[in-house]
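**Student:** Below you will find the structure I want to go over with you.
Derivation of every value follows stated rules applied to the coordinates shown; laboratory data play no part. Nothing here was measured: the structure is a model prediction, and the numbers come from that model.
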Amino acid sequence: MYSISQVAEKLNIKPHTLRYYEQEGILESNRNHAGVRNYTEQQVKWLRFVLKLRETHMPVSSIQEYVKLLQEGEHTANKRLQLLEDHRASIQQQIRELQDTEQMLEKKVSTYKDMIGNEVHLSISSYIK
């Protein structure tokens, strides 16, 4: 079992984030006799998955829908699959857009390097003459 501070440190997040996901019904915690939150390894793995979904811009509402479907049982497997496939398509689109942006930046960087390289060359040649 992990305390809230141990999980937060392990995943490099704030304890508030854990409380927020619990409040939103995305994460469950176990509580000891004093009401202190504790998390199992399985809950930490689940949270890692949730954090990856959030890093890739899946809305909290979609994660809540996924949790709801998961809790409803095996008969929702197709809906869960569709939700994840839709998100994967969104990630693939993000990747394409980032690659386009990277290409634009690479051209700009190359232009500046050429420009700076020519200035240095011109400066040296002016000293030689």
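**Student:** Just to be sure I understand: with springs between alpha-carbon atoms less than 10 Å apart, which residue in LEU51, LEU98, LEU69 has the highest mean-square fluctuation in the Gaussian network model of the chain?
**Tutor:** Comparing LEU51, LEU98, LEU69 in a Gaussian network model of the chain, the most mobile one is LEU98.
**Student:** Say we join alpha carbon atoms closer than 10 Å with springs in a Gaussian network model of the chain; which of ALA34, ALA89, ALA77 then has the biggest fluctuation?
**Tutor:** Comparing ALA34, ALA89, ALA77 in the GNM, the peak value goes to ALA34.
**Student:** Turning to a different aspect of this structure: Considering only LYS68, LYS113, LYS52, give the residue with the highest GNM mean-square fluctuation for the chain, with springs between Cα atoms whenever their separation is below 10 Å.
**Tutor:** For the chain, modelled as a Gaussian network with Cα springs under 10 Å, the answer is LYS113.
**Student:** Let me ask you something else. Rounded, prolate or oblate: which fits the chain when a ≥ b ≥ c are the square roots of the eigenvalues of the alpha-carbon gyration tensor, with rounded for a/c under 1.5 and prolate only if a/b beats b/c?
**Tutor:** Working: a/c = 5.55, a/b = 2.18, b/c = 2.54.
Because a/c hits 1.5 or more and a/b fails to exceed b/c, the chain counts as oblate.
**Student:** If I stretch the segment between ALA77 and GLN64 completely, what's the gain in nm (0.36 nm per residue apart, minus their alpha carbon distance), one decimal?
**Tutor:** Working: separation 13, 0.36 × 13 = 4.68 nm, distance 1.52 nm.
Length gained, ALA77 through GLN64: 3.2 nm.
**Student:** Only Cα pairs under 8 Å and at least 6 apart count here; give the relative contact order of the chain as a rounded whole percent.
**Tutor:** Details: 64 pairs, mean separation 20.9, N = 129.
The value is 16 percent.
**Student:** Using just the helices of the chain, give the 222 nm mean residue ellipticity in deg cm²/dmol: DSSP H runs with n ≥ 4 each add -39,500 (n - 2.57), and the total is spread over all residues, rounded to 500. Don't skip to the end; give the middle numbers.
**Tutor:** Details: 5 runs with 97 residues, N = 129.
The helix-only estimate for the chain comes to -26000 deg cm²/dmol at 222 nm.
**Student:** Moving to a separate point now. Can you tell me, using C-alpha contacts under 8 Å and at least 6 residues apart, the relative contact order of region 1-59 as a whole percent? Provide the component values of the computation, followed by the final result.
**Tutor:** Values: 43 pairs, mean separation 20.9, N = 59.
This gives 35 percent for region 1-59.
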